[in-house]
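The next block holds one structure in the form of structure tokens; read it before the comments.
The values are calculated or read from the model by the stated rules, or taken from the named source; none is laboratory data. Not measured: the values here are computed from a predicted model. Heads up, the Cβs are rebuilt from the backbone with ideal geometry, glycines too, and the neighbour counts pull from every protein chain shown. Just so you know, the surface numbers come from the protein's heavy atoms only, side chains and all, with ligands and any DNA or RNA stripped out. Shrake-Rupley method; radii C 1.70, N 1.55, O 1.52, S 1.80 Å.
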Amino acid sequence: SLASTAITCFTRGLDLRKGTEDVLCPANCPLWQFYVFGDGVYASLSSICGAAIHRGVITNAGGAVRVQTLPGQENYPGVNANGIQSQVLSRWASSFSVTPGTKDTALEAVGRSVSTARPSTGKRPKKTLDKKAGNKDCKADIAFLIDGSYNIGQRRFNLQKNFVGKVAVMLGIGTEGPHVGVIQASELPKIEFYLKNFTSAKEVLFAIKELGFRGGNSNTGKALKHTAQKFFTLENGARKGIPKIIVVFLDGWPSDDLEEAGIVAREFGVNVFIVSVAKATTEELGMVQDIGFVDKAVCRNNGFFSYQMPTWFGTTKYVKPLVQKLCSHEQMLCSKTCYNSVNIAFLIDGSSSVGESNFRLVLEFVSNIAKAFEISDIGSKVAAVQFTYDQRTEFSFTDYTTKEKVLSAIRNIRYMSGGTATGDAISFTTRNVFGPVRDGPNKNFLIVLTDGQSYDDVRGPAAAAQKAGITVFSVGVAWAPLDDLKDMASEPRESHTFFTREFTGLEQMVPDIIRGLCKDFLESKQ
């Protein structure tokens, strides 16, 4: 029998390559985060595991699902079922259905909150933990930010070290598992050791035992900001595409402000957890700058990222639940993904050869790509420029910070009609649309849509855009010459150039363009 592929909570129908595929959904996916479109037949933009729970094929305990690719549809309905509200979608290029997978081809991911279960060979493998590799199911780069202030004192500082040591051991540190480092927060932050220094639990345990207590004010905000900005570099051992996590231990209360540090951490794609021990006393609370500091510092104020322990004594039972949180890859909402960390500008041909009705199809194509991304003030951003001989910025990256507003702005673009000067339009967009976000954290993409020969040179302006760090995808329709399209596209040109004879063919390209964007994103980002 075929082994099934372990997927994540967020794998979408359009991520699968085969017509029929057996997949394995992990346990404990966060229901409120699922994007599901349709009922029974789901748009391929939907999360597979979300659709399977919606359909009643599996529960939130995960399990085996068979996914069948189906053609696109008009009108996917929005229906509430099994705790998931699916959304309405008017049209999409491809769909899928879900049915129960066969048990012998899949190993149930029983009650584990980790993101993947190993695909099975049909026989249940014996649990072999390759000691050096560590726990491969828990991929995370974790900084423990420990409290070294006078608040905690020497004795509780030692208990804190014991607890951190137990967490480190249970995580299963190893070359292919979690990596950890430690920073001590006191008057000034001190990085005690980096992610790259140790790759076994034994070495980490020894390093933790050796830590000396510093004392001083608990300037946790300062330490959190420093850690978010400086700790997770490739030189210091951070790994590409693996969640970055800071676990802040607080005994009592911080002496400085955590809100700004929390914002910086989110901008850097770091997931902040706060473990608070021993509630602050009433006198102490009078000195706290902001009683709601935990909610403002954590990655998301949804209950998942804050953790309380009554005292430092008898903490063993608190180790495992914390480790499970740290290994829940899917819940790391602050990690940078291609869906929440890109700027996409659409350069739309408004020349007279397009015509009003085809122009509507172009806008629908633009909407369908924009729909796939998590647009927000700290997430992805979308802009649109229409061109003929002239250029008109329909909206810039900073104009709209929600998906609804972006989609409504796209719908309201009015067709210009006129000539075709694509080169000028690329230069205009590089300067005016990408200029203001050039130093921002997101990766920049330009999608050029044209239906004909440009009257000016496209090669120079496209090369300048690429030099400015913009990845260019060219999408041609009808009479757009292939040479022009290839000259505009980023390398490798084959995978960044798209062409269709008819405007109705645009829809089929959407999944491939989204995939291409994500592939470029992953290859560029740490």
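Observations on the model:
- Answer residue from the stretch 27-86, given it is touching a His at 6+ places or on another chain (Cβ under 7 Å) and assigned to a strand (DSSP E or B) and is nearest to residue 330 (Cα to Cα) among those: 84
- Candidate set from the stretch 33-54 (those that are farther than 20 Å from residue 90 by Cα and without any contact (Cβ under 8 Å) to a residue 60 or more places away in the chain); member that is surrounded by the fewest Cβ atoms within 10 Å (Cβ to Cβ): 53
- Every condition in (1) open to solvent by less than 20 Å² (accessible area, probe 1.4 Å); (2) under 20 Å from the mean Cα position of the chain (by Cα); (3) at pLDDT below 95; (4) not hydroxyl-bearing (Ser, Thr, Tyr) is met by residue 258 except one, and the failing one is (2).
- Condition broken by residue 211, with the remaining ones in (1) surrounded by 23 or more Cβ atoms within 10 Å (Cβ to Cβ); (2) touching a Lys or Arg at 6+ places or on another chain (Cβ under 7 Å); (3) among the hydrophobic types (A, V, I, L, M, F, W, C) satisfied: (1)
- Test for residue 462: is it under 18 Å from residue 513 (Cβ atoms), in a loop (DSSP other than H, G, I, E, B) and either touching an Asp or Glu at 6+ places or on another chain (Cβ under 9 Å) or modelled with pLDDT of 95 or more (or both): no
- Hits in the stretch 397-435 (condition: without any contact (Cβ under 8 Å) to a residue 24 or more places away in the chain and either buried (at least 19 other Cβ atoms within 10 Å of the Cβ) or outside any helix (DSSP H, G or I) (or both)): 399, 412, 414
- Only a single item in (1) free of Cβ contacts under 8 Å to residues at least 12 places away in the same chain; (2) under 22 Å from residue 419 (Cβ atoms); (3) of a type outside the set (Val, Ile, Thr) is not met by residue 480, and it is number (1).
The rows are residues; the columns are (1) modelled with pLDDT under 90; (2) in contact with a Leu (Cβ under 6 Å, 6 or more places away or on another chain); (3) assigned to a strand (DSSP E or B).
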position	(1), (2), (3)
314	yes, no, no
340	yes, no, no
346	no, no, yes
353	no, no, no
357	no, no, no
386	no, no, yes
389	no, no, no
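- From the list 136, 161, 132, 196, the one residue that fits, being touching a residue at least 40 places away in the same chain (Cβ under 8 Å) and either among the aromatic types (Phe, Trp, Tyr) or touching a helix residue (DSSP H, G or I) at 6+ places or on another chain (Cβ under 9 Å) (or both), is 161.
- For the stretch 144-171, the set of residues classified as under 16 Å from residue 245 (Cα atoms) and touching a Pro at 6+ places or on another chain (Cβ under 9 Å) consists of 145, 168, 171, listed by residue number.
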